[in-house]
Amino acid sequence: GVHTCALPTCTAVRGAGAVAALATAAKLLDMRRRGDVLDGDVIVATHICPNAPTAPHDPVPFMDSPVDIATMNRHEVTGEMEAVLSVDTTKGNRIINHKGLALSPTVKEGWVLRVSERLGELLAVVTGEPLVTYPVTTQDITPYGNGVHHINSILQPATATAAPVVGLAITSAAAVPGCQTGASHETDIAAAARFAVETAKAYGGGQLDFHDDQEFDALVSRYGPLTRLQTLGREPGGS
């Protein structure tokens with residue numbers, strides 16, 4: 001059957017995630033005009049803020065947003081989305097020491113699952129380079145606002161859906177502030193958009209999955225649900 005693949009972006013540092021989303025939409029529209037129609041549906045969602053504030057963050061400042069993540073998730077993540085590819089600049093860290101693109105493990109309902117081999121193979125084809133992944137911690141997949149450090153907001157859509165979510169990080173080899181001008185690289189943004197299109201083609205046609213359903217069900221059956229991690233939980237000292 002056909003599938004619905006979502007391509008939302010979280011807060012886009014310097015706008016690269018939003019640009020990648022818009023480029024993806026433009027390419028899909030151009031393909032459709034030429035008769036190249038995908039098997040599945042694609043939902044492209046992003047937000048653009050012309051007056052984004054900055055926010056303190058270790059090791060370098062972030063671009064912030066006047067709209068909180070929960071509000072953005074309500075507008076950018078919908079029930080029709082069967083899988084979510086979240087594209088976001090992820091340069092304000094010392095963890096991903098690579099310039100280009102990096103793929104996260106799949107996140108679903110509080111579980112950090114293994115990296116999708118098929119998505120990894122597809123990214124290597126698009127970039128022409130070996131697959132680069134990055135570590136995802138438990139606190140990275142919890143909602144903003146709980147007082148803990150997050151690498152950035154790339155996996156915040158995973159707090160708002162039961163669908164599997166994969167982060168496609170636009171990265172740099174050095175920690176780059178989100179408020180810095182002149183730090184976006186058009187070739188990396190273009191590669192992110194190409195990967196999004198290829199993912200939509202393959203997922204909609206039933207040629208790849210973001211996760212293994214049977215393996216996920218076995219994990220939940222054995223260890224129980226982790227959906228609590230999708231919430232703000234209880235306040236420290238509370239019951």
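The values are calculated or read from the model by the stated rules, or taken from the named source; none is laboratory data. Quick caveat, the model's predicted, so the values are computed rather than measured. Using ideal geometry, Cβ is built from the backbone for each residue, glycine included, and neighbour counts are taken over all protein chains shown. SASA here: full protein model, heavy atoms, side chains in, ligands and nucleic acids out. Shrake-Rupley method; radii C 1.70, N 1.55, O 1.52, S 1.80 Å.
Can you say whether Pro177 is at pLDDT 95 or above and outside any helix (DSSP H, G or I), as far as the supplied structure shows? In short, no.
Does segment 212-225 contain at least one residue that is small (Gly, Ala, Ser) and surrounded by 16 or more Cβ atoms within 10 Å (Cβ to Cβ)? Among the residues of segment 212-225, not one is small (Gly, Ala, Ser) and surrounded by 16 or more Cβ atoms within 10 Å (Cβ to Cβ), which makes the answer no.
Return yes when Thr133 is surrounded by fewer than 19 Cβ atoms within 10 Å (Cβ to Cβ), of a type in the set (Ser, Thr, Tyr), in contact (Cβ under 8 Å) with a residue 12 or more places away in the chain and in contact with a Pro (Cβ under 9 Å, 6 or more places away or on another chain) and no when it is not. Yes; evaluated as a whole, the condition is true for this residue.
Among the conditions (1) modelled with pLDDT of 95 or more; (2) loosely packed, with under 13 Cβ neighbours inside 10 Å, the only one that Gly238 does not satisfy is (1).
When segment 104-130 is filtered for residues that are open to solvent by less than 30 Å² (accessible area, probe 1.4 Å), within 14 Å of Ala192 (Cα to Cα) and outside any helix (DSSP H, G or I), only Ser104 remains. Scan segment 180-195 for residues that are open to solvent by 20 Å² or more (accessible area, probe 1.4 Å) and in a loop (DSSP other than H, G, I, E, B) and jot them down. Within segment 180-195, Gln180, Thr181, Gly182, Ser184, His185 meet the criteria. Just to be sure before I move on: is Thr46 buried (at least 19 other Cβ atoms within 10 Å of the Cβ), touching a strand residue (DSSP E or B) at 6+ places or on another chain (Cβ under 9 Å) and at pLDDT below 95 in the structure I sent? Answer is yes for this residue.
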